[in-house]
1. In the range 16-72, which residue that is at pLDDT below 90 and of a type in the set (Val, Ile, Thr) is farthest from LEU98 (Cα to Cα)?
2. Please go through the range 85-96 and give me each residue that is open to solvent by 80 Å² or more (accessible area, probe 1.4 Å) and either of a type in the set (S, T, N, Q) or modelled with pLDDT of 70 or more (or both), ordered by number.
Amino acid sequence: MRTAIDSGQRGFSLAGTLIALLLFTIFAATLSGWQRSLIQGFVAQRALENHWRANVKRLEEWPLVSPDQLPVQSETLLHGCVSITLFVPDMHGSGQPLRRERCPNLLSSSSP
């Protein structure tokens, strides 16, 4: 009875197998890191959208304050970016400021 070693057939070498295992581990870890960062980005974006929705809803439920009376601050930042901060009070007069930054110069220069 002939075995694989006797017939001249050889399997994978130990060094090649270890290198392949190392590359597979690096590849799997990289994909896992990308997935984790994508999920964190989606969670952060969803939280920001929910924050804005809650404040818009708060504005709709708060009839005593007109949008013209809300304190809005606008300032120009580096590279022509504009920061707009709006304070939306709740029923108790407290609340969190909403801040948006727009960079039209950076967006127009990066488009093809």
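The values are calculated or read from the model by the stated rules, or taken from the named source; none is laboratory data. Computed from a predicted model, the values in this text were never measured in an experiment. With ligands, DNA and RNA removed, areas are computed over all heavy atoms of the protein, side chains included. Shrake-Rupley method; radii C 1.70, N 1.55, O 1.52, S 1.80 Å.
1. VAL65
2. The one that is open to solvent by 80 Å² or more (accessible area, probe 1.4 Å) and either of a type in the set (S, T, N, Q) or modelled with pLDDT of 70 or more (or both): GLN96.
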